[in-house]
Amino acid sequence: MSNKGASLKGLLLVVLLVSNMLLTKEGVTSLPICPNGSVNCQLSLGELFERAVKLSHYIHLLSTEIFNEFDERYAQGRDFIARAVNGCHTASLTTPEDKKQAQQTHHEDLLNLILGVLRSWNDPLIHLASEVQRIKEAPDTILWKAVEIEEKNKRLLEGIQKIIGRFHSGEIGNEVYSQWEGLPSLQLADEDSRLFAFYTLLHCFRRDSNKIDSYLRLLKCRLIHNNNC
């Protein structure tokens, strides 16, 4: 079989796997945050937050699963974690250091930070979903989770934009807050260096998805339940 045919077969397999997983995962994955589209969203702010929190939690669970699986399969004995600690492309974004600091951050500032982090992950997640297929003997579970995370991150981004739109009128800028320049590292010929690049990407996304999940839960508690939760 040609390389092109093999790639197409692999892509179709991933699509089928994602479709099957969507049928079996409960609740949070099948519907957009606002089913009526971005212009005439009829959901209340509370409903928007409820869906965004569920989706962000699902994304974080996936990010943890894919990182742990990758770590167990490819990182053992390589001491990747010590090298990956300071390698996140979103490290330049200023985020609250702890829960207390997050609670003291104005809700619009926290929402804009979430928006910036999500936008900063658009490009790397697209390339993760495509480049991970080139890893030798990559398990199907890693392949479908990479595709699923990329798609759900876009959906969450759309939801956050709708939530922000409830607080102020006007256009929401499209700038990426922290550029990612790691694609060449995912395509290196040296296997150890290439695997380390994937490891760092997955480690960083797990960290950031946890932050987003925490911030959204805090905002839901503050804005929807008046801190009574």
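From the Cα gyration tensor of region 33-111, with a ≥ b ≥ c the square roots of its eigenvalues, which class applies: rounded if a/c is under 1.5, or else prolate if a/b is larger than b/c, or else oblate?
Cα axes put region 33-111 in the oblate bin.
Using a 7 Å offset from the Cα along the Cα-to-Cβ direction at both Asn228 and Arg78, what is the distance between the two label points in nm, to one decimal?
Output for this residue pair reads 5.1 nm.
For Lys136, what is the net charge nearby, where nearby means another residue's Cβ is under 11 Å from its Cβ and Lys, Arg count +1, Asp, Glu -1?
Once all neighbours under 11 Å are counted, the net charge is +1.
Just to verify a number: FRET efficiency for Ser193 and Glu97, C-beta to C-beta distance, R0 = 41 Å, to 0.05? Please report the intermediate quantities before stating the final value.
Values: r = 32 Å, r/R0 = 0.77.
E between Ser193 and Glu97, to the nearest 0.05, is 0.85.
If Arg217, Arg207 are ordered by their accessible area, calculated over protein heavy atoms with a 1.4 Å probe, which sequence runs from highest to lowest?
The ordering from most to least exposed comes out as Arg217, Arg207.
With every protein chain present, what is the per residue accessible area of region 54-148 (1.4 Å probe, Å²)? Can you show the working numbers first?
Numbers: 4620 Å² over 95 residues.
Averaged over the residues of region 54-148, the accessible area is 49 Å².
Of Lys100/Lys211; Lys99/Lys154; Lys99/Lys162; Lys100/Lys152; Lys54/Lys145, which pairs sit farther than 23 Å apart, going by alpha carbon to alpha carbon?
Lys99/Lys154; Lys99/Lys162; Lys100/Lys152
The values are calculated or read from the model by the stated rules, or taken from the named source; none is laboratory data. Computed from a prediction, not measured in an experiment: that's the story for all the values here. Every residue, glycine as well, gets a Cβ built from its backbone with ideal geometry; the counts of neighbours run over all protein chains shown. We work out accessible area using only protein heavy atoms, side chains counted, and drop any ligands, DNA or RNA first. Shrake-Rupley method; radii C 1.70, N 1.55, O 1.52, S 1.80 Å.
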